Structure formats: structure tokens, C-alpha cells
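For reference, the structure is listed below as C-alpha cells.
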Amino acid sequence: MKFLLELMLAELIFLYPAQKRSRFPLRLLLILALCIAGQLLFPAGAVPSRSLPVQFVSFAGLFLLTVAAMGFCFRLSVPSLFSLCVAGYAVEHIAYHVAKIVQTLTGLFVGASLGALEDWELMELVVFPPVYLIALGTIGYFAARNECWKKTDLRFNALSIAVVFICVGLTRVANFYGVGDSVPVSIYAVTCCVMSLVVQFVLYRTVDLRMENTALNLMWQEERKQYELSKKTIDTINIKYHDLKHKLRDMRLPEEEVESIKDAVRIYGSRIRTGNEALDVLLTENSLRCSEAGIRLTYMGNGADLGFMQTMDVYSLFGNAITNAVEAVEKLEDAEKKIIDIVSECRGELVSIHISNYFSGTLQIEDGLPKTSKTEEEGFHGYGMKSMKLIAEKYGGSLHASAEGDLFTLDIYLMKS
């Protein structure tokens, strides 16, 4: 049972932030009972040293039992669950061999063997906790921050099988030939497991970047379609507006009624002109939406200063910023705070863009970017800010978000050359 508990604690290093199933505490109690039963069915300490296949099957069976137990507690896909449990197995194996190295080098337990249960348990008690804490603060923190439990890839499974072979096979073979207590063997096992963990989480990051790039490309494609559609729609609206003005003059209606109709449609004919076509389309499109929602959208600056940027970069940069601001301001009950201010300035080769709006609730800023609270929803949530940051960096600049009280500000800096 001790081995199972050590293994499950190591697996929790990577699984603890994942989505838990209902009645999680009760499920933990149930798997504890399963662990006791599994230890009775696969008594690792009682396996004869001469029976190498039985040893391998025994430890592999115990590992699979912990995978099933964790799947009972956490809501994860089987590939992700298996990969993260293997990472836990690697950590447990590292701790085991570090304890063996410490035991051998210190000479505190000369002549002690695994048969001296008290001595070995003391060594485990001393070595395992710090090794687990180091793993939790390094690779575990990386896994939690990058939400590795959500990702899966065939390469993870191939690597997982290799790690299981290293963890289970190497130690069993070494013990079988009587060199299990050798420091070089333990160093080799620790090195293999550490390298396997590094490679595994490098793969996680690679898959994460690939998914992120795919999402950003899809978002940019949708933005291009939206820009072309918006431009065409606004042009059509302006043509219809001017046609309607001429027809109203020919209609024999009371003057008051004619003016009322003109006022009602005038907003659709007021195209904003800043000196940048993409910005004009975007501000005109959003001014209609903001007007209907009682939001005051203001822009101060010369759009011509953005002439060095590609059209879609302008549309994407300002579009994502305005969309986020509108979504935040729409939720406000105070009509006086339904304001979105955009100011752009050009000083030499530097163009600065300052966007501010009020918001309600709490907002977490991480690495200069607001952390999205809509990760469970479908769509491109969270990628808008990443897209804006990439565009700013593309033009040798930077992007920084901040929140003070209920005021959110976004500062973007771009270089013309």
C-alpha cells in the first residue's frame, strides 16, 4: 500500500488542477479501498526476486490500478490521464533512486537492505517529500500553468510507454542481477526519468504552441472575412442612405415627418474618417453597435499615423481591443461609465495607442495580459490579446494591460521602422 500511496501522491502533482468529478472526497475514499485491495492482489514486496516477469507485471498492474483510480476522480481523456500518471510515476521513481543514492553515500545504514523495513521507511520519509516538493514547484507548476491536462498527442503515449519501461523495467532488471543498490544504476535511472519528463513537457509546450498558432490563424482568417464584409456593408448602407435622402425630398410629406425620418437614419450614413481605411471601417461598424447599447466610443488621433501597418493588422489590433472593451462596458449598470476612449499619438518613429474603459467584477493580470475567464466557452477566447501582442511585437513594440479599481487600460507601442 505504501508504494501505491507514494505513486498516487506523485501523480497528483500533475493532476491536482484538472477538472474533478462530482463528490471528489468520496471518490478518494473509494480508491483508497481499491488501493488496499490492489496491494493484496499485487504484493510487490512479496514477489520473489528470481521471478522477473512476475515483478514487471506486478508493478505494471499497480500502476494501471492508480491510472484507473485517478480516472475515477478526475474528468480527463484516457490519453491525457495516462500521460500525466506516467509523469507521476517518473517522479516517484526519481525519489526512490535519490533515496537509494543518499542511503548508499551517507553510509548511515551500512548493511541495511530492503528487508530492514524501518531503515528504508525512514529514508523514504526524509527524501521523498523534498523531491516531491521540487517536482511540484517546477514541472508541476509548469503543467498547471499551461493546463497540460487538456492536451493530448500520440507522441505523449509513445513516450509514456517508454517511461513506464524505464521506471518498471530498469529497476526490476537491476534488482534481478543484484545491482539494484548500485549508485551508477540509480544515477542512470534518475537521469533517464528527468530527461523523459523534460521531453514530455517540451512536447506539451510544442502541442500548445501548435494549437495556439492554428487558433490564431483561424481567427485572422475570420477577421479578414469580417473586414471585407463590414466594408462592403458600410459602403452599401451609405449608398442607400444617400439614395433615401434624395427620395425623401421628392416625397410629399410634412416637413416634421421628413426631418424625423432623416434623424432616424442619419447615424447609418455617418461614416467615420480617421485617415486609415481599416480603422474607419472598424470605428464606423462599432459606433452603430455602441449607439444602440448606449455606449460612447471616442477616438482621438490621426489614422494616417498607422499607414506603416498592414490593413489587417490595424483591423485585428483595434478590433480585438474594441470588442473586449464593448463586452466589458455592456455589463455596467451605470450609464455614465459606458465609455470607451481610444487615443493614438505619434512621436517621431513611436506610435502609442491608449485604450481605456470601465469594467465590473475582478480582473487578473498575468504577464501584462488580462487572464480570460471564458476558457470553458467555445470560440477564440484568450487568443485576442495574444494576437494583439504578436502584432505589437511584429512592429517592434509592446503591449501592456493594467487595471486600477474599475478602470482597465491597454497601452500599445509600435515602431514605424
Given R₀ = 45 Å, what would the calculated FRET efficiency be for GLU327 paired with LEU125, taking r from the Cβ atoms and rounding to 0.05?
0.30
Can you give the net charge of the other residues whose Cβ lies under 13 Å from the Cβ of ARG27, counting K and R as +1 and D and E as -1?
+4
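Considering only Cα-Cα distances, which of the following residue pairs are longer than 18 Å: LYS386/LYS416; LYS389/LYS416; LYS371/LYS416? Intermediate results must be reported in sequence, preceding the final value.
Numbers: LYS386/LYS416 21 Å; LYS389/LYS416 16 Å; LYS371/LYS416 29 Å.
Violating the 18 Å limit, Cα to Cα: LYS386/LYS416; LYS371/LYS416.
Using a probe of 1.4 angstrom, how much of the accessible area of region 264-359 is carbon and sulfur, in percent?
Numbers: 2070 of 4420 Å².
Of the solvent-accessible surface of region 264-359, carbon and sulfur hold 47 percent.
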Whole-Hz Karplus couplings 3J(HN,Hα) for region 289-299, θ = phi - 60° and coefficients 6.51, -1.76, 1.60, Gly and Pro as x, run 5, 5, 4, 5, 9, x, 9, 9, 9, 10, 9
Ordering SER387, SER417 by the accessible surface of their heavy atoms, 1.4 Å probe, largest first, yields SER417, SER387
Which residues qualify? For PHE74, with a placed amide H closer than 5 Å and at least 5 residues away or on another chain, they are ARG21
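Please work out the FRET efficiency for the pair LEU5 and LEU363, using the Cβ-Cβ distance as r and a Förster radius of 30 Å; give the result to the nearest 0.05.
Values: r = 40 Å, r/R0 = 1.34.
FRET efficiency, LEU5 to LEU363: 0.15.
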Quick one: net charge of GLY88's neighbours, Cβ under 11 Å, K/R +1, D/E -1?
-3
For region 327-341, in residue order, the Karplus 3J(HN,Hα) values (coefficients 6.51, -1.76, 1.60; θ = phi - 60°; whole Hz; Gly and Pro = x) are 4, 6, 6, 4, 7, 6, 8, 7, 5, 6, 9, 7, 10, 10, 10
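The values are calculated or read from the model by the stated rules, or taken from the named source; none is laboratory data. What you are looking at is a predicted structure, and each value in this text was computed from that prediction instead of being measured. For neighbour counting, all protein chains shown are included, and Cβ atoms are generated from backbone atoms with ideal geometry for every residue, glycine included. All accessible areas refer to the heavy atoms of the entire protein, side chains included, with ligands and DNA or RNA removed. Shrake-Rupley method; radii C 1.70, N 1.55, O 1.52, S 1.80 Å.
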